[in-house]
Amino acid sequence: MTGSFQYGGEIVWQPTSEYPKQVHLRRCMDRHNTPDLPELPYRSIKRDSAMPRKVELILHDPIWADKYQEEADRLTAVLSPEIIAIHHIGSTAIPNIFAKPIIDILIEVKEINRIDHYNDQLAILGYAAHGEHGIPGRRYFSKNTESAHTHHVHIFQVGNPEIDRHIKFRDHLITHPDEAQAYSQLKTELAKIFPEDVDQYTEAKSDFIQSVSEKINST
């Protein structure tokens, strides 16, 4: 079937008759390699009316680790009174997979509400403040060029469960390269389906991410 995606000989998702406006996302992992992974239900995904951003994926570049460290140093210089820990997360932190060339940074802080007082200082570094941006308890910042995002910063108060979720997902894929490649294959196929809409692309990955998180939490 044109546009369907197979992994380990199994169709893990396929387009509906309304392709590409609506996609059913099925399993995102190989049952043989991950027998304890729960079956994923069909999921209907529809576009919204917001102006989409394009999806660009490239193979992992080792320079991303250096770019993370450079930016982490800049952020630490501004936020050092608040920071507990700082982490490189997201696909650019996972070797040998395809990723959008955007450095995702997670910062643990003592008190999340105090971060709002740093918006102007972070703006000097090129960051736009977006508040919680859909995740309660988060402060989200993006750094952009004229054509693309280059860095995303996710700030949480120490103890927020989102911290553990992001770090465990990253570490699990680093230590389970077969699952990392399944994720990479899914991402590349979804990028073909949603090349002009990063929001739909991101939404279409959510069942895979949730399934891995459930697997991590069950062990």
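The figures follow:
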{"item": "Members of the stretch 193-214 found to be outside any loop (DSSP other than H, G, I, E, B) and acidic (Asp, Glu), listed by number", "result": "Asp199, Glu203, Asp207, Glu214"}
{"item": "Some residue of the stretch 181-197 being loosely packed, with under 14 Cβ neighbours inside 10 Å, in contact (Cβ under 8 Å) with a residue 60 or more places away in the chain and either touching a His at 6+ places or on another chain (Cβ under 9 Å) or among the small types (Gly, Ala, Ser) (or both)", "result": "no"}
{"item": "Pairs with Cβ under 9 Å, 6+ apart, first in the stretch 147-167 and at pLDDT below 95, second charged (D, E, K, R) and not in a strand (DSSP E or B)", "result": "Ser147/Lys54; Ala148/Arg53; Ala148/Lys54; Ala148/Glu56; Ala148/Lys100; His149/Arg53; His149/Lys100"}
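The values are calculated or read from the model by the stated rules, or taken from the named source; none is laboratory data. Please read these numbers as outputs of a predicted model, since none were measured by experiment. Counting neighbours? That spans all protein chains shown, and the Cβs are built from the backbone with ideal geometry, glycine included.
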